[in-house]
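Data block below; observations after.
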Amino acid sequence: MRVIGLTGGIASGKSRVARMLEQMGAVIIDADLLAREVVAPGEPAYQAIVEAFGNGILNPDLTINRGALGRLVFADPEARRRLESITHPAIGRRAEEQLGELRLQGTPVVFYVAPLLVEAGVTSRVDEIWVVYVDEETQVRRLMARDGSSRAEAIRKIATQMPMDEKKKFGNVVIDNRGTPEETERQVRDIWMQEIGRARRHD
């Protein structure tokens, strides 16, 4: 089974690209969805996070308030490392379970979508990396529009991740998402045919 890591920076558009690939027939494992699953009440990571950060991060229904937790860790690199030391192993175990099931089913290609694939040091989970790229100014502009962030807040969030110009060096394939959605979709479709469609024709 060919496992392709799809990554990018915050507001780079990797989720949109993942949806395009899914519409073309790709099987997707989304690390962000796994991250939500592993912090649900009753999960081991949930208890560890509450113990580390206190009941102030909980909603009235005792689920974790992702916004409150996010504000804490974005402001404090040590807090972010503490959170990642809890969540990353739990996400990894869940990802490996799903990859194992897909291997048993004979799935030929799987995309593992993870924003921190490189930063978290889990590139060994995938056979190759595809990077969704935008320049930093585009990131800032899109993040401000998406989250209602101030420019300073957007820059601060972006600074917590590897710079996009550095991250794209890890890409076996780089998808340039600076243009319109239509331009990106044409690009993704062409790459899909070159990288996936051709391999399937040869099987």
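The values are calculated or read from the model by the stated rules, or taken from the named source; none is laboratory data. No experiment lies behind these values; they were computed from the predicted model shown. Reconstructed Cβ throughout: ideal geometry from the backbone, glycine too, with neighbour counts over all protein chains shown. Surface areas here come from the heavy atoms of the whole protein model, side chains and all, with no ligands, DNA or RNA. Shrake-Rupley method; radii C 1.70, N 1.55, O 1.52, S 1.80 Å.
Normalising by residue count, the chain has a Cα convex hull of 129 Å³ per residue.
Computed extension length for ALA68-ASP32: 11.3 nm, one decimal, from 0.36 nm per residue of separation with the Cα-Cα distance subtracted. For MET162, MET20, MET1, the ranking by accessible surface with the largest value first comes to MET1, MET162, MET20, using a 1.4 Å probe.
For helix 77-104, what angle does its Cα long axis make with the longest principal axis of the chain, in degrees from 0 to 90 and rounded to 10? Tilt of helix 77-104: around 40 degrees.
Taking +1 at the Cβ of each Lys and Arg and -1 at the Cβ of each Asp and Glu, which of VAL118, LEU72, ALA40 sits farthest along the dipole of the chain towards its positive end, judged by Cα position relative to the Cα centre? Towards the positive end, the residue furthest out is VAL118. With respect to the chain, whose longest principal axis is taken over its alpha-carbon atoms, helix 181-192 is tilted by about 60°. Here the chain carries DSSP beta bridges of which approximately 5% are antiparallel, counting only pairs with both residues inside. Among residues other than ILE10 with Cβ under 10 Å from its Cβ, the summed charge is +3 (Lys and Arg +1, Asp and Glu -1).
Projecting label points 7 angstrom from Cα along Cα→Cβ for ALA40 and VAL173 puts them 3.1 nm apart. Here region 35-112 yields Rg over Rh of 1.08, to two decimals, using C-alpha coordinates and the Kirkwood radius.
At 222 nm, what helix-only mean residue ellipticity would the chain give, in deg cm²/dmol to the nearest 500, using -39500 (n - 2.57) for each DSSP H run of four or more? Intermediate values should be presented prior to the final figure.
Values: 10 runs with 108 residues, N = 203.
Value at 222 nm, helices only, nearest 500: -16000 deg cm²/dmol.
What is the Cα radius of gyration of region 1-53 over 2.2 N^0.38 Å, N being its residue count? Mind dumping the intermediate values first?
Working: Rg = 14.6 Å, N = 53, 2.2 N^0.38 = 9.9 Å.
Normalised Cα radius of gyration, region 1-53: 1.47.
Put simply, the C-alpha atoms of region 92-154 give a gyration tensor, and the ellipsoid matching it has half-axes of 32, 12, 11 Å, longest first. The listed peptides 50-56, 110-116, ordered by packing as a protection proxy, come out as 110-116, 50-56 (highest mean of other Cβ atoms within 10 Å first). Simple point charges give the picture: +1 on the Cβ of Lys and Arg, -1 on the Cβ of Asp and Glu, and for region 93-203 a dipole about the Cα centre of about 140 debye. Could you tell me how many degrees, from 0 to 90 and to the nearest 10, lie between the Cα long axis of helix 66-75 and the main elongation axis, the longest principal axis, of the Cα atoms of the chain? For helix 66-75, the angle is close to 90 degrees.
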